[in-house]
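Structure first, commentary second.
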Amino acid sequence: MTEYAPRNTPLEQLAQLETEALQALEQVQTPEDLDRWYHTYLGRKGALTAILRSVGSLPPEERPAVGGRANEAKRRLEAAYDARAEAVRQAQLARELEAGAIDVTLPGRPVGPGHLHITTRTLRQIYAIFAEMGFQVYEARDVETDEMNFGLLNMPPHHPAREMWDTFWITDEVLLRTHTSPGQIRVMRERYPEPIRVILPGKCYRYEQITARSEHQFFQVEGLAVGRHITMTDLIGTLTAFARRFYGAERRIRIRGSYFPFTEPSIEADIDCILCGGKGCRVCKYSGWLEIAGAGMVHPVVLANGGYDPNEWSGFAFGLGVERPAMLKYGIDDIRLFYGNDLRFLQQFG
Ligand code: DAH
């Protein structure tokens, strides 16, 4: 006769399973062990899940006790699992830290404090000089209309002088300003009927080949004075004062006649070469002179377009470069360095 071992009751099976599962959990070291353990006991095909599923097939009087006990076991095993998972994670982290290259006692890398760009510094020097002569700073827009950039500056459509500025067009009527001069119209329309003494700094854009001497984006500082008794003498005095403050007190100024559609008469101002003092060198192309500004008396048509009656008002205007003066002053021989973002260059002007 075969002896059959007495079959465990479901409650005994549950107690056994729980003990076994908790013991097995203590052996778990790695995330992989952890997954395997979960699969064996709590997963969809795990041992406890099987018991929970079988509760329905027990005799009705046994169901509540077994079901309750099984749910309890499930809660305890889940809590134990969570605790173990956290311990495994911490252990893993500790191992990584130990193996890793983080030495928290090493000094940090120094953080460079940064400094102003050479263009910004140059602009600020220019502002300071004109501020002392009573000029306010007015910022006009970079995206302009054809009318502001050309038309109201006395260059109607097809005017030949438009050829002086190769233009980036956005639409037939909208463009990137080719010079800061359109700001003159904007200031006049805003300030009328007050007298005006402003400078208008800003970036200009020209559809041109980039070379060591010319960029397609660069800064200008426009100047505009409008009043009742303004003369060419005021203009020359202002430019002379500026040149001596910016380039050195010993500078000499030379005024030449020129042409711009928005001024009448128009001039260009030169200084004696800051490198050779006028004897002639490579930088001044052996002329002894360097051009620093285009300027003139505001054309009556432009005054009127700004709202000022040219019979009562007069004014002067000028346009200065920014990068070229900085190049002269600091001996920089390539304009492309300004916006090339090479720190080895930029850091020299800290
Ligand atoms: N707008 C001129 C240019 O970009 C520079 C200039 C010349 C401005 C004469 C002026 C001026 O205000 O009077 O070439």
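The values are calculated or read from the model by the stated rules, or taken from the named source; none is laboratory data. Source: prediction; values computed, not measured. Heads up, the Cβs are rebuilt from the backbone with ideal geometry, glycines too, and the neighbour counts pull from every protein chain shown. Remember, those area values only see protein heavy atoms, side chains included, never the ligands or the DNA or RNA. Shrake-Rupley method; radii C 1.70, N 1.55, O 1.52, S 1.80 Å.
The chymotrypsin sites (Phe, Trp or Tyr not before Pro) found in segment 3-80 that occupy coil by DSSP, while having at most 16 further C-beta atoms within 10 Å, are TYR4. Qualifying chymotrypsin sites (Phe, Trp or Tyr not before Pro) in segment 283-317, where qualification requires a DSSP coil assignment and no more than 16 other C-beta atoms within 10 Å, comprise TYR286. Note on the chain: the C-alpha convex hull projects to 37.0 nm² when averaged across all orientations.
Per residue, how much space in cubic angstrom lies within the convex hull of the C-alpha atoms of segment 163-279? All intermediate terms of the calculation are to be shown ahead of the outcome.
On the way: hull volume 17.1 nm³, N = 117.
Here the figure is 146 Å³ per residue.
Across q = 0.11, 0.12, 0.20 Å⁻¹, segment 20-173 modelled as identical point scatterers on its alpha-carbon atoms has Debye log10 I(q)/I(0) values of -0.72, -0.80, -1.21, in the order of the q list. The spread of Cα positions in segment 10-99, taken along each principal axis and listed from longest to shortest, comes to 58, 18, 15 Å.
Remark: segment 118-349 carries 48 Å² of accessible area per residue (probe radius 1.4 Å; ligands, DNA and RNA excluded).
May I ask you to list the trypsin sites (Lys or Arg not before Pro) in segment 281-350 that are in a DSSP loop and have at most 12 other Cβ atoms within 10 Å of their Cβ? Before the final figure, lay out the partial values.
Values: sites: ARG282, LYS285, LYS329, ARG336, ARG344; in loops: ARG282, LYS285.
Filter output for segment 281-350: ARG282, LYS285.
Against the longest alpha carbon principal axis of the chain, how many degrees, from 0 to 90 and to the nearest 10, is the axis of helix 10-27 turned? For 10-27 against the chain, the angle is about 50 degrees. Counting only alpha carbon atoms, the long axis of helix 232-247 and the longest principal axis of the chain meet at about 50°.
When only the heavy atoms of the protein chains count and the probe is 1.4 Å, how do GLU72, GLU26 rank by accessible area, highest first? Before the final figure, lay out the partial values.
Working: GLU72 75, GLU26 130 Å².
From most exposed to least exposed: GLU26, GLU72.
Shown for the chain: cysteine residues without a partner Cβ closer than 4.7 Å, namely CYS204.
Rounded to the nearest 5, what % of DSSP beta bridges with both residues in the chain are antiparallel? Could the numbers behind the result be given before it?
Working: 41 of 43 bridges.
Just about 95 percent of them are antiparallel.
Summary of packing: across the peptides 112-119, 147-154, the per-residue average of other C-beta atoms within 10 Å ranks them, highest first, as 147-154, 112-119. Placing a pseudo-label 7 Å from each Cα along the Cα-to-Cβ vector at LYS45 and ALA249 gives an inter-label distance of 9.6 nm. Mark the label point 7 Å from the Cα of SER54 along Cα→Cβ and return the residues of segment 23-37 whose backbone N is within less than 15 Å of it. Within reach of a label on SER54: no residues.
Assuming 0.890 mPa s and 25 °C, estimate D for segment 115-213 with Stokes-Einstein, Rh taken as the Kirkwood radius over Cα pairs, in µm²/s.
On the way: Rh = 15.1 Å.
Answer, rounded: 163 µm²/s.
Label positions at GLN92 and ALA131, each projected 7 Å from the Cα along the C-beta direction, are separated by 6.0 nm. Which residue, GLY134, THR30, PRO156, has the largest displacement toward the positive end of the dipole of the chain when charges sit on each Cβ (Lys, Arg +1; Asp, Glu -1)? The residue sitting farthest along the positive end of the dipole is GLY134.
With all pairs of different C-alpha atoms in the average, the Kirkwood value for the hydrodynamic radius of segment 274-332 is 14.0 Å.
Place +1 on the Cβ of every Lys and Arg and -1 on the Cβ of every Asp and Glu in the chain, take the dipole about the Cα centre, and give the residue among ILE255, ALA21, GLY296 whose Cα lies farthest towards its positive end. My answer, from the dipole projection, is ILE255.
Calculate the FRET efficiency for CYS276 and ASP234 from the Cβ-Cβ distance with a Förster distance of 25 Å, rounded to the nearest 0.05. The calculated FRET efficiency here is 0.25. So for segment 202-350, Kirkwood radius off the Cα pairs, Stokes-Einstein at 37 °C and 0.692 mPa s: how many µm² s⁻¹? Result for D is 194 µm²/s.
Run the dipole for segment 117-258 about the Cα centre, Lys and Arg Cβ at +1, Asp and Glu Cβ at -1, nothing else charged, and hand back the magnitude in debye, nearest 20. Walk me through the numbers before you get to the answer.
Details: 19 positive and 17 negative charges, 164 e Å.
Charge dipole, segment 117-258, about its Cα centre: 780 debye, nearest 20.
Rounded to the nearest 500, what is the chain's calculated 222 nm mean residue ellipticity when only DSSP H runs of at least 4 contribute -39500 (n - 2.57) each, over all residues?
Numbers: 11 runs with 137 residues, N = 350.
Calculated at 222 nm, the ellipticity per residue is -12500 deg cm²/dmol.
Computed with a 1.4 Å probe on the full set of protein chains, the accessible area for THR171 sits at about 70 Å².
Under 19 Å from a label point set 7 Å out along the Cα-to-Cβ vector of ASP334, the amide N atoms of segment 213-232 belong to 213-218. Rolling a 1.4 Å probe over the protein heavy atoms of segment 118-349, with every protein chain left in place, gives an accessible area that is 50 percent carbon and sulfur. Here's the picture: a label point sits 7 Å out from the Cα of ARG121 along the beta-carbon direction, and within segment 327-350 the residues with their amide nitrogen under 11 Å of it are 330, 346-350.
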